[in-house]
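The values are calculated or read from the model by the stated rules, or taken from the named source; none is laboratory data. Given the structure is predicted, the values throughout are model-derived calculations rather than measurements. Positions of Cβ are backbone-derived with ideal geometry, glycine not excepted, and every protein chain shown enters the neighbour counts. When the accessible area is computed, the model is the full protein with side chains, heavy atoms only, and any ligands, DNA or RNA have been set aside. Shrake-Rupley method; radii C 1.70, N 1.55, O 1.52, S 1.80 Å.
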Amino acid sequence: MTERGGDEAPADVLVAIAGGVATITLNRPAALNALTIPMKERLLAAIQGVACDRAVRAIVLTGSGRAFCAGQDLKERLAPDAPSLDEELILRYNPIVRALRAAPQPVIAAVNGVAAGAGASLAFACDLRIAADGATFVLAFGRIGLVPDSGATWTLPRLVGGARAAEIALLGDAVGAAEALRIGLVSRVVPADALAGEAASMAARLAALAPGATALTKQALAASFDRDLDAALDAEADAQAAAGAHPDHAEGLAAFLEKRPPRFSGG
Ligand code: LHQ
């Protein structure tokens, strides 16, 4: 396993890479992993770093301690020289969301505890969400007189539909893990002590797939709500042509016929 974020860098964002899986851990547990400016810069660098690492085939985003992420560090906002809100979004939050979406690898949010404000938005921006049974999602923006950001107004209606998104975004009530599962905000809920293992095992399964085909599937799903059926059918044909031309498709066919597990090269 390689570890980044150790001696040479502050450890509020940890990156561990093993077996084709990069695990990025938000690591400021005393503040519920609330995001400061330097932490956001390190988180962006971490995502971009693993996204262009060809050895990484799946990414897990999680938090240390009892929270996933409490969103913006609100104490930092009180500094007299704090950047304006829109500058903070344009320069720091939005690039993180774009990096999560642009990464060719699937990103799993392993939501270990409360995900509030932009912390919830980060989880929503991931491709898959699995939650510990005690996890909650809180769109806490309204309580402090702000609006949902970091993509939440776009991702949340796509995940749970407009009616539920309106309640969650406007009322700001905490959505518990069981309710999140019921409404499709997460795809699995497991006991807290099983979450890391569940995320690792899902990531290992993703990492064993043909990376090019997986990236194309991620892209197609992300684009689906912005396409009509005709455009989706055309896009699927293009993606299938690209996937089928890759040696990993031939390897998958050979493995099927030889009744053995495939060994995808990525390439
Ligand atoms: C915190 C925080 C926190 C600092 C807990 N900051 N310390 C984007 C653009 C630019 C700027 C504005 O914002 C945004 C996007 C956003 O993210 S806005 C939304 C920001 N987040 C929130 O409003 C959530 C604030 N936190 C909470 O509501 C609660 O802490 C939750 C519901 C997350 C957890 O409640 P509890 O389990 O009761 O924990 P707690 O409140 O006791 O917090 C534990 C510690 O963590 C505490 O520190 P202390 O020194 O007193 O032990 C909190 O101050 C600290 N903490 N969130 N966002």
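Among the conditions (1) within 16 Å of the ligand (Cβ to nearest atom); (2) without any contact (Cβ under 8 Å) to a residue 40 or more places away in the chain; (3) surrounded by fewer than 17 Cβ atoms within 10 Å (Cβ to Cβ); (4) among the hydrophobic types (A, V, I, L, M, F, W, C), the only one that A163 does not satisfy is (1). Here A232 does not fit the description of being in contact (Cβ under 8 Å) with a residue 12 or more places away in the chain, under 28 Å from T25 (Cα atoms) and assigned to a helix (DSSP H, G or I). Kindly indicate whether A152 is within 29 Å of L44 (Cβ to Cβ), assigned by TED's automatic domain parsing to the domain that holds L35 and open to solvent by 60 Å² or more (accessible area, probe 1.4 Å). Spelling it out, it is not the case that A152 is within 29 Å of L44 (Cβ to Cβ), assigned by TED's automatic domain parsing to the domain that holds L35 and open to solvent by 60 Å² or more (accessible area, probe 1.4 Å). Can you tell me how many residues in segment 120-149 are open to solvent by 50 Å² or more (accessible area, probe 1.4 Å) and touching an Asp or Glu at 6+ places or on another chain (Cβ under 9 Å)? Residues meeting the conditions: 0.
Any chance segment 245-262 includes a residue that's touching a Leu at 6+ places or on another chain (Cβ under 8 Å), crowded, with 16+ Cβ neighbours inside 10 Å and outside the structural domain of I108 (by TED's automatic domain parsing)? Within segment 245-262, none of the residues are touching a Leu at 6+ places or on another chain (Cβ under 8 Å), crowded, with 16+ Cβ neighbours inside 10 Å and outside the structural domain of I108 (by TED's automatic domain parsing). Of the residues in segment 83-92, at least one is over 17 Å from G49 (Cβ atoms), assigned to a helix (DSSP H, G or I), within 13 Å of the ligand (Cβ to nearest atom) and open to solvent by less than 60 Å² (accessible area, probe 1.4 Å). Count of segment 172-185 residues, restricted to those that are without any contact (Cβ under 8 Å) to a residue 40 or more places away in the chain and more than 17 Å from G119 (Cα to Cα), is 4. Counting only strands (runs of 3 or more DSSP E) wholly contained in segment 96-156, the ones carrying 2 or more residues that are small (G, A, S) and under 21 Å from R66 (Cβ atoms) occupy 107-111, 114-116, 128-132.
Among residues of segment 61-80 being more than 10 Å from the ligand (Cβ to nearest atom) and under 15 Å from L14 (Cα atoms), the one that is surrounded by the most Cβ atoms within 10 Å (Cβ to Cβ) is G63.
Tell me, which residue of segment 35-51 that is open to solvent by less than 20 Å² (accessible area, probe 1.4 Å) and out of contact with any helix residue (DSSP H, G or I) (no Cβ under 8 Å at 6 or more places or on another chain) is nearest to the ligand (Cβ to nearest atom)? My answer is M39.
Limited to segment 119-151, what total is found for residues that are within 6 Å of the ligand (Cβ to nearest atom) and in contact with a helix residue (DSSP H, G or I) (Cβ under 6 Å, 6 or more places away or on another chain)? The number of residues fulfilling the criteria is 1.
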